[in-house]
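**Student:** Take a look at the following structure, please.
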Amino acid sequence: MDTNRLEAFSDGVFAIAITLLVLEIKVPPPNTALGAELLHLWPSYLAYVVSFVVIGAIWINHHAMFQHIVRVDGTLLLLNVLHLMLIAFLPFPTAVLAEAFHRGTDEPVAAAFYGGILTVIGIFVSAMWRYAAHEYRLLDPHLTAKKVRKIGRPFLVGPIVYAIATIVALVAPWLALLIFVLLN
């Protein structure tokens, strides 16, 4: 099969996940000082921006990957669905992260939870590429072995850096957030 339906479905899931992020930013209650309450929401804004950038970068990488993958089979479809399941789940760890920063407690656990999900997402991205590239079965036939290795390198780096940042989150959650954004 060609990749058109997989890419269209994936784009839809990415669009929904990125849109759901904003639903976690709650409108301040009535009869409060609106300006102060809006400023008090800074952790929600921060979590939104981090996740929007991360999901956007993952979508860009997904798009780039499927410029070279020209066919899909059942296994690649399953790997992609599992990948998308985690993308769709990402608004929840984003909300957990924002809430932890609002309370001022459990930031390391929340950042590590968030990073753990990103690590697994990165593992699925890498698995999709490695599966598609195995014996070049699903790739553009014009790609050389050298080009396939070069394209695949960043897909291996992502989960490793996410995993390191997840460990860093346990002692320095702000640094981990910076790494999550900079990786993308």
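The values are calculated or read from the model by the stated rules, or taken from the named source; none is laboratory data. Values in this document were obtained by computation on a predicted structure and should not be read as measured data. Cβ placement follows ideal geometry from the backbone for every residue including glycine, while neighbour counts extend to all protein chains displayed. The accessibility values were calculated without ligands, DNA or RNA, using every heavy atom of the protein model including side chains. Shrake-Rupley method; radii C 1.70, N 1.55, O 1.52, S 1.80 Å.
**Student:** Given the structure, is LEU77 touching a residue at least 60 places away in the same chain (Cβ under 8 Å), part of a helix (DSSP H, G or I) and open to solvent by 50 Å² or more (accessible area, probe 1.4 Å)? Even if it seems obvious, please write down each step before you answer.
**Tutor:** On the way: touching a residue at least 60 places away in the same chain (Cβ under 8 Å): yes; part of a helix (DSSP H, G or I): yes; open to solvent by 50 Å² or more (accessible area, probe 1.4 Å): yes.
Spelling it out, LEU77 is indeed touching a residue at least 60 places away in the same chain (Cβ under 8 Å), part of a helix (DSSP H, G or I) and open to solvent by 50 Å² or more (accessible area, probe 1.4 Å).
**Student:** Across the stretch 1-46, which residue is nearest to ALA64 (Cα to Cα) among those that are surrounded by fewer than 17 Cβ atoms within 10 Å (Cβ to Cβ) and touching a Leu at 6+ places or on another chain (Cβ under 7 Å)?
**Tutor:** Out of the qualifying residues, it is ILE25.
**Student:** Tell me, which residue of the stretch 97-110 that is assigned to a helix (DSSP H, G or I) and open to solvent by 50 Å² or more (accessible area, probe 1.4 Å) is nearest to HIS134 (Cα to Cα)?
**Tutor:** Filtering the stretch 97-110 for residues assigned to a helix (DSSP H, G or I) gives 97-103, 107-110.
Add one more test, that the residue is open to solvent by 50 Å² or more (accessible area, probe 1.4 Å), and what stays is 99, 102-103, 109.
Details: GLU99: 42, HIS102: 46, ARG103: 47, VAL109: 37 Å.
Result: VAL109.
**Student:** Evaluate the following for ILE117: is it surrounded by fewer than 17 Cβ atoms within 10 Å (Cβ to Cβ), assigned to a helix (DSSP H, G or I) and modelled with pLDDT of 95 or more?
**Tutor:** So ILE117 fails the test.
Per-residue answers, yes or no, for (1) over 18 Å from GLY74 (Cβ atoms); (2) without any contact (Cβ under 8 Å) to a residue 60 or more places away in the chain; (3) among the charged types (D, E, K, R):
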{"residue": "ILE117", "(1), (2), (3)": "yes, yes, no"}
{"residue": "VAL120", "(1), (2), (3)": "yes, yes, no"}
{"residue": "MET128", "(1), (2), (3)": "no, no, no"}
{"residue": "HIS134", "(1), (2), (3)": "no, yes, no"}
{"residue": "ARG137", "(1), (2), (3)": "no, no, yes"}
{"residue": "ILE151", "(1), (2), (3)": "yes, no, no"}
{"residue": "LEU156", "(1), (2), (3)": "yes, yes, no"}
{"residue": "ILE160", "(1), (2), (3)": "yes, yes, no"}
